[in-house]
1. Can you pick out the pairs among LYS57/LYS100; LYS43/LYS109; LYS50/LYS100 whose Cα atoms lie more than 25 Å from each other?
2. For the residue pair ARG61 and PHE107, what label-to-label distance in nm results when each label sits 7 Å from Cα along the Cα-to-beta-carbon direction?
3. Quick one: 3J(HN,Hα) in Hz for the range 63-74, Karplus 6.51/-1.76/1.60 with θ = phi - 60°, rounded, Gly and Pro as x.
Amino acid sequence: MGHTKEDWERIHMLDSIYLKEMEYLEQEQFKTEQKPAIIKMGKININIEKVSTLTGKTHVRRLFVDPQDIEDHKNGKLAQEAFPYLDKHDREYLITGSTKEEWEKMFGKEE
């Protein structure tokens with residue numbers, strides 16, 4: 001028993017939908033690849049994904065950092081020493097994954 005004309009039309013339609021979905025996903029993947037967008041004085045502008053220890057939420061921040069500083073921090077160097085050029089909120093993000101807003105909600109605003 002072979003496929004009817006309607007069967008083939010349905011298969012073709014499903015294939016077209018699948019191909020459109022795959023094209024969309026490939027475009028979205030390309031948009032979110034973590035390739036350096038800009039290189040500036042040895043630092044690269046990259047997305048850094050962290051899970052907040054305060055809320056458990058996943059955040060992504062785009063920061064200018066030196067790749068060697070990231071390695072140093074992963075190997076135990078304190079964030080204050082590895083990233084002296086970042087402000088305290090960005091360093092806290094690298095340590096705990098928490099945002100300034102989460103920190104202020106949990107501990108109050110700085111004065």
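Laboratory data are not the source of any read-out in this text; all were calculated from the coordinates shown. Computed from a predicted structure; not experimentally measured. All Cβ positions, even for glycine, are placed from backbone atoms using ideal geometry, and neighbour counts span all protein chains on display.
1. On the way: LYS57/LYS100 13 Å; LYS43/LYS109 30 Å; LYS50/LYS100 14 Å.
From LYS57/LYS100; LYS43/LYS109; LYS50/LYS100, over 25 Å: LYS43/LYS109.
2. Between ARG61 and PHE107, the simple spin-label model gives 1.3 nm.
3. 10, 8, 9, 7, x, 5, 5, 4, 4, 4, 5, 4
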